[in-house]
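The values are calculated or read from the model by the stated rules, or taken from the named source; none is laboratory data. Note that the structure is predicted; figures quoted are calculated from it, not measured. Please note: Cβ atoms are built from the backbone with ideal geometry, for glycine as well, and neighbour counts cover all protein chains shown.
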Amino acid sequence: MNMDVTSLRASLLQRLISTVYPPRCVLCGSHGFGDMDICEDCYQDLPWIGSACTQCAIPLAKHSGEHLKCGLCLKKPPLFDRSFCLFSYEKEAVTLIHQLKFNEKLANSRLLGNMLADAIDKNAIELPDCILPVPLYKKRLRQRGFNQAIELARPVANTFGIPLDIRSVKRVRDTHSQTELDRQQRRKNIRAAFEVIEPLSAQHVVVVDDVVTTTSTVNELARILKRAGVRRVDVWSIARAV
């Protein structure tokens, strides 16, 4: 009988860890739900996106149906092809992302990344040739100590066995914070902020970020990726601003 010894050892180790250190909810401290660091009540209370635009993932009215695009994408389509997002950027979704980015709660990246992978699997989302986390500028990376997009993308890449590309694209300009800028200012701010520094063989790339607001950042990445020969660029994110 053939047996994958490595997988068996990993499974036994995970069981041991779960027994000694049972999962705890990162939001309220209660017992975790399944093997996740979130309880069932907090899990259900998250601002899950139901119906959404297939291209930019902006939430649509309930029961709008599937495979629909919002008016803005119909009028002026972005350069990326499809998007998938877990939550509206509100309530506990904001808390989880802020804890990760500003309080160094890296356990949240594992939780959110695994939830994203689970949702991608359940929704039968087409998988790419590689996953590209949105790069941070070197100064911001030094200050924070980690790139939250990379940490969120790792569990997804590991789940599906997809290569994680953190070398091909570099952030070459330290842009101003996008938070207080309007849509037009964001586009100008992010223009030419990224550069492809290594050849890309992938034809289908997924860009992963924590929050998509006006889509300016992911649209700029799609622009340079397609200019470098990538045929299709999709976007996966944890939260979508509404």
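Data table
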| item | result |
| --- | --- |
| Odd one out for Ser83 among (1) crowded, with 16+ Cβ neighbours inside 10 Å; (2) under 30 Å from Cys28 (Cα atoms); (3) of a type in the set (Gly, Ala, Ser) | (2) |
| Answer residue from the stretch 218-242, given it is within 13 Å of the chain's Cα centre (by Cα) and either hydroxyl-bearing (Ser, Thr, Tyr) or within 16 Å of Pro163 (Cα to Cα) (or both) and is surrounded by the most Cβ atoms within 10 Å (Cβ to Cβ) among those | Val235 |
| Those residues of the stretch 48-65 which are surrounded by fewer than 18 Cβ atoms within 10 Å (Cβ to Cβ), within 21 Å of the chain's Cα centre (by Cα) and not hydrophobic (A, V, I, L, M, F, W, C), in sequence order | Gly50, Ser51, Thr54 |
| Condition check for Ala93: assigned to a helix (DSSP H, G or I), small (Gly, Ala, Ser), farther than 25 Å from Ala192 by Cα and in contact (Cβ under 8 Å) with a residue 60 or more places away in the chain | yes |
| Residues within the stretch 123-143 that are under 20 Å from Ala93 (Cα atoms) and either assigned to a helix (DSSP H, G or I) or aromatic (Phe, Trp, Tyr) (or both), tallied | 0 |
| Any hit, the stretch 81-89, residues being under 21 Å from Asn219 (Cβ atoms) and either over 17 Å from the mean Cα position of the chain (by Cα) or of a type in the set (Asp, Glu) (or both) | yes |
| Verdict on Val233 being touching a residue at least 60 places away in the same chain (Cβ under 8 Å), of a type in the set (A, V, I, L, M, F, W, C), under 20 Å from Cys73 (Cα atoms) and part of a strand (DSSP E or B) | yes |
| Restricting the stretch 155-196 to residues that are surrounded by 20 or more Cβ atoms within 10 Å (Cβ to Cβ) and part of a helix (DSSP H, G or I), the residue that is modelled with the lowest pLDDT | Arg186 |
| Residue match in the stretch 42-53 (condition: free of Cβ contacts under 8 Å to residues at least 24 places away in the same chain, in a helix (DSSP H, G or I) and out of contact with any strand residue (DSSP E or B) (no Cβ under 7 Å at 6 or more places or on another chain)) | yes |
| Any chance Arg231 is charged (D, E, K, R) and touching a His at 6+ places or on another chain (Cβ under 7 Å) | yes |
